Amino acid sequence: MSLKKLQKEFETIFNENIDNARLFFAPGRINLIGEHTDYNGGHVFPASISFGTYALAAKRSDNKLRFYSMNFPDSGIIEGDLNKLNYSDKDSWANFPKGMIKLMSENGCHISSGMDILYNGNIPNSAGLSSSASIEMVTGVLLEALFEFELDRIDMVKIAQKVENDYIGVNSGIMDQFAVGMGKKNHAIHLNTQSLEYTYAPIELPNHSIIIINTNKSRALADSKYNERRTQCERALADLQTNLEINSLGDLTPEEFESHKHLIKNVTNQKRAKHAIYENARTLDALEKLKDNNLNGFGQLMNESHLSLQHDYEVTGKELDTIVEAAWEQEGVLGARMTGAGFGGCAIAIVENAELDNFKQNINRIYLEKIGYEPTFYTASIGDGAKKIIEKVI
């Protein structure tokens, strides 16, 4: 959507001029490999994408907060107050920016007045591309600019994760907010989720594209079995800690796990731990493959990741499996896997450019035959993290 349309929408919705409004953007993210490892103390390999959330924001002269999303027009303007920022079910999606305002204020960021904020995102709803982290981080950067304070970006990332965990109530790891906040154009981020040490890895695909395939099966993360999986991993870790001095599943190699897996009494919990530990090893291996420009090897690791998520972590489902298994059979595909938390959402594939049209046609046909409706395809351009776009709208 053009800036002029955003400006017109802002003036129409809020009945205010836009003299002091500024424009901000935060991307969504894909995760190339390293799924469900972030809250298990392992490594992840995400990248921020060109799809994301725009926010046009202006300060007010009172304490009133007014939020409007062009993605949820039926919700209308959701109003709040700087002095009343507690979570409320009736505020729906606006709880994400409310949570950022509340927690940033509590962390020493001086937010002295209310705001009018118009949000417009082009991330497909419930696709698992981190629309919530995108809203959180675009709110964070607009607060930093409007109220003229400087906050270390990793501190902002930590606050956004705390919003997700403590304010919204989803026990997610830090990967989504980190990728959205720290993204770099044409690079993925290899992140140690325990230490937060990270490396930017160039993604050079002159003859291939990263294709996102949306199952169009919506998924509500807070209502899924995401929290259950985290609990199962915590129980597996507690069993292992009866005989091992470790802080997380990410501390173990696959070989160490195989030697000690008998300590995990519950068979299901043992499978969950196996995925987390082997997936962490795959993620470390993936960085080396990219450094060596071994795209075939990287693609094979993607395939192995999906199989582990399917059989050991059990978070894929018929829709994701149909897309990924069909992708494996297509010409020019280096690798394919689900991305995100699972339970619906999206898969990704690295596809040779010359085969893109055939790839999409074949996947579309197979998915329609097996599932009954069509998937949606997006080409992932890897872009920068959350940022201010326009200092002042004229």
(message) Checking Asn171 against (1) farther than 21 Å from Met302 by Cα; (2) modelled with pLDDT of 95 or more, only one condition comes out false. Which one?
(response) (2)
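In segment 262-284, how many are more than 18 Å from Thr339 (Cα to Cα), surrounded by 18 or more Cβ atoms within 10 Å (Cβ to Cβ) and charged (D, E, K, R)?
The first filter runs over segment 262-284 and keeps only residues more than 18 Å from Thr339 (Cα to Cα), leaving 262-271, 273-274.
From what's left, surrounded by 18 or more Cβ atoms within 10 Å (Cβ to Cβ): 264, 269-271, 273-274.
From what is left, the residues that are charged (D, E, K, R) are 271, 274.
Result for segment 262-284: 2.
With the condition kept exactly as written, say whether any residue in segment 64-84 is more than 23 Å from Leu6 (Cα to Cα) and part of a helix (DSSP H, G or I). Outline the logic, then answer.
The first filter runs over segment 64-84 and keeps only residues more than 23 Å from Leu6 (Cα to Cα), leaving 81-84.
So of that shortlist, the ones also part of a helix (DSSP H, G or I) come out as none.
The answer is no; no qualifying residue exists.
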(message) Among the residues of segment 218-229, are any modelled with pLDDT of 95 or more, small (Gly, Ala, Ser) and in a helix (DSSP H, G or I)?
(response) no
(message) Based on this model, can you work out whether Ser126 counts as at positive phi and either buried (at least 24 other Cβ atoms within 10 Å of the Cβ) or in contact with a Pro (Cβ under 7 Å, 6 or more places away or on another chain) (or both)?
(response) no
(request) Consider Glu144 carefully, then state whether it is touching a Gly at 6+ places or on another chain (Cβ under 8 Å) and either over 15 Å from Asn31 (Cβ atoms) or in the same structural domain as Gly99 (by TED's automatic domain parsing) (or both). (result) no
(request) Just need a number here: residues in segment 1-33 that are more than 22 Å from Thr379 (Cβ to Cβ) and part of a loop (DSSP other than H, G, I, E, B). (result) 7
(request) Only residues that are within 16 Å of Asn31 (Cα to Cα) and polar (S, T, N, Q): list them for segment 254-287, please. (result) Asn280, Thr283
(request) Give just the number: which of (1) among the hydroxyl-bearing types (Ser, Thr, Tyr); (2) within 26 Å of the chain's Cα centre (by Cα); (3) assigned to a loop (DSSP other than H, G, I, E, B); (4) modelled with pLDDT of 95 or more does Ser112 not satisfy? (result) (2)
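Residues to consider are Glu106, Glu136; find the one that is acidic (Asp, Glu), buried (at least 22 other Cβ atoms within 10 Å of the Cβ) and modelled with pLDDT of 95 or more. If you could, list the steps in order and put the result at the bottom.
On the way: Glu106 fails: buried (at least 22 other Cβ atoms within 10 Å of the Cβ).
Just one listed residue meets the conditions, Glu136.
For segment 167-195, what are the residues that are surrounded by fewer than 22 Cβ atoms within 10 Å (Cβ to Cβ) and either assigned by TED's automatic domain parsing to the domain that holds Ile246 or in contact (Cβ under 8 Å) with a residue 40 or more places away in the chain (or both)? If you could, list the steps in order and put the result at the bottom.
Going residue by residue through segment 167-195, those that are surrounded by fewer than 22 Cβ atoms within 10 Å (Cβ to Cβ) are 167-171, 173, 184-187, 192, 194-195.
Within segment 167-195, Tyr167, Ile168, Gly169, Val170, Asn171, Gly173, Lys184, Lys185, Asn186, His187, Asn192, Gln194 qualify.
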(request) Give Gly335, Gly342 a once-over and let me know the one that is in a loop (DSSP other than H, G, I, E, B) and surrounded by 24 or more Cβ atoms within 10 Å (Cβ to Cβ). (result) Gly342
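The values are calculated or read from the model by the stated rules, or taken from the named source; none is laboratory data. For clarity, every value in this text was computed on a predicted model and none was experimentally measured. Glycine also receives a Cβ, built like all others from the backbone with ideal geometry; neighbour counts cover every protein chain displayed.
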